[in-house]
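Since the structure comes first, as structure tokens, the remarks are kept for the end.
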Amino acid sequence: MDETVAEFIKRLFLKIPMTEMMTILKAWDFLSESQLQTVNFRQRKEPLVQELVLLCEEKCASLNDAALLDIIYTQVHRHQKLWDVFKMNKGPGEDIDLFDIEQFKSSFTKILRKALKNVTVSFRDAEENAVWIRIAWGTHHTKPNQYKATYVVYYPQTPYVFMSLSRLKRNTPLLDQALMIASKHHQIVKMDLRSRYLDSLKAIVFKQYNQVFETHDSAAPLQETSLWLHTNMDLRVIHENKVEKERVQRVTQETFGDCPQPRLEFAQYKLETKFKSNLNGGILADREEPLRCLIKFSSPHLLEALKSLAPAGIADAPLSPLLTCIPNKGMNYFKIKDK
């Protein structure tokens, strides 16, 4: 086994938490069950890793084997990456073709290797027909850097691609071209949607959530499971403004639905406006350049936090559509300009 491959595998093993080691090794399926039974998984991590690396050396693990292990680790710890969403488009009048996974992989790899001599491309088919792609980039004169790979998750028969880009953004146009040609699309556009929670991004673009947008003067009856009025509450507690609380509950439920919200960490708003005044003169009135500001809302779970604002009495109901439309519009980066 090559020394660089051995070092790469060693670093991967060191990253894997001890509680996940056996699960990831079985998913990797490189070391046999009988080999794993010879390993003492109760020892300290460093000697355990050395023992596993020796087993990999005995089986002459290749760079592709190591790359597959890296994909599996990244799938388990996908929230450690920052994911961007891209949408591809077909040409006018083109229908969706039957997807051939092997043809896609072959075409994608050939395009990258034709344009760039030193590049490592690895694939793994995952749940829900997703194709995970790992690309380690080099140059015409340097070998691929296995420690700064790009990860791509593509769902065939859909236009959506999720990417966790490495620092080498100069390779993004080449990656876009390979994706478009291999999947038989004509255009790829980066959406204004980003998060560490890949599953939530998928839920948003595929509309796998129950958020609804209805009028807020509905007289629909309240659900039995109230946000404020629990059946087992102390009857001696007197609630002021009960009608208003029920209205806020109804509006919140109509806006966000019953199910948990997709998980996003932030929403960013760029505002660009001209100063307007009925009074003549003044520095701001004569300013030709628009006024600009940036507002960013952040939270470990932004949409659930927004959902709780009105019930907590922090904000009026309904909330601004600029806040509640995030899943519906499929974006958490907004640019607001004067009409």
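The values are calculated or read from the model by the stated rules, or taken from the named source; none is laboratory data. A quick note: this is a predicted structure, and the numbers were derived from the prediction, not measured. Here the Cβ positions follow ideal geometry from the backbone for every residue, glycine too, while neighbour counts run over all protein chains shown.
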Would you confirm whether or not the range 4-21 contains a residue that is touching a residue at least 60 places away in the same chain (Cβ under 8 Å), surrounded by 13 or more Cβ atoms within 10 Å (Cβ to Cβ) and charged (D, E, K, R)? yes
Just one of Leu63, Leu82, Leu69, Leu55 is within 21 Å of the chain's Cα centre (by Cα) and more than 24 Å from Val189 (Cβ to Cβ); which is it? Leu69
In this structure, is Arg247 part of a loop (DSSP other than H, G, I, E, B), at pLDDT 80 or above and basic (Lys, Arg)? no
Quick one: count up the residues across the range 188-202 that are not in a helix (DSSP H, G or I) and not β-branched (Val, Ile, Thr). 8
Could you please find all residues in the range 149-207 being touching a Pro at 6+ places or on another chain (Cβ under 6 Å) and either surrounded by fewer than 20 Cβ atoms within 10 Å (Cβ to Cβ) or among the acidic types (Asp, Glu) (or both)? Ala203
Out of all the residues in the range 64-77, is one or more modelled with pLDDT under 95 and assigned to a helix (DSSP H, G or I)? no
Restricting attention to the range 285-328, the residues that are closer than 15 Å to Arg263 by Cα and either in contact with a Lys or Arg (Cβ under 9 Å, 6 or more places away or on another chain) or not small (Gly, Ala, Ser) (or both) number exactly 14
In the range 32-41, is there at least one residue being touching a residue at least 12 places away in the same chain (Cβ under 8 Å), over 30 Å from His185 (Cβ atoms), in a helix (DSSP H, G or I) and out of contact with any Gly (no Cβ under 8 Å at 6 or more places or on another chain)? yes
